[in-house]
Amino acid sequence: MIICVCHRVSDRDINRAVQAGCDSFAELQQHTRVGTACGRCIEHAQDSFAELGGGGGCGHCAGAGRCGASPAQLSA
Ligand code: FES
């Protein structure tokens, strides 16, 4: 399913990036450009990223970066 219409990024693309070791939403955006145009897909993309295991585990947003916690805060 296409998540980001602007850059034609699918849930498969996000899963592929997670499997390749992408460990933050910012890194996912660098690799796929998801959410970097109109931004309407950001929330859905963050949810997909977290559901697919991206970013490790933050108690607030499952590592999707929405809570604004830094990597140091997440590992503390
Ligand atoms: S739909 Fe993803 S940036 Fe526009």
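The values are calculated or read from the model by the stated rules, or taken from the named source; none is laboratory data. Quantities reported herein were computed from a predicted structural model and do not represent experimental measurements. Here the Cβ positions follow ideal geometry from the backbone for every residue, glycine too, while neighbour counts run over all protein chains shown.
Annotations for the structure displayed:
- Count of residues meeting criterion [in contact with a helix residue (DSSP H, G or I) (Cβ under 9 Å, 6 or more places away or on another chain) and more than 9 Å from the ligand (Cβ to nearest atom)] in region 27-36: 5
- Test: residue in region 37-52 that is at positive phi and either near the ligand (Cβ under 9 Å from one of its atoms) or at pLDDT 95 or above (or both): yes
- Residues of region 1-23 that turn out to be outside any helix (DSSP H, G or I) and at pLDDT 90 or above, as a count: 10
- If the condition is being outside any loop (DSSP other than H, G, I, E, B) and within 16 Å of MET1 (Cβ to Cβ), then region 24-41 contributes only THR32.
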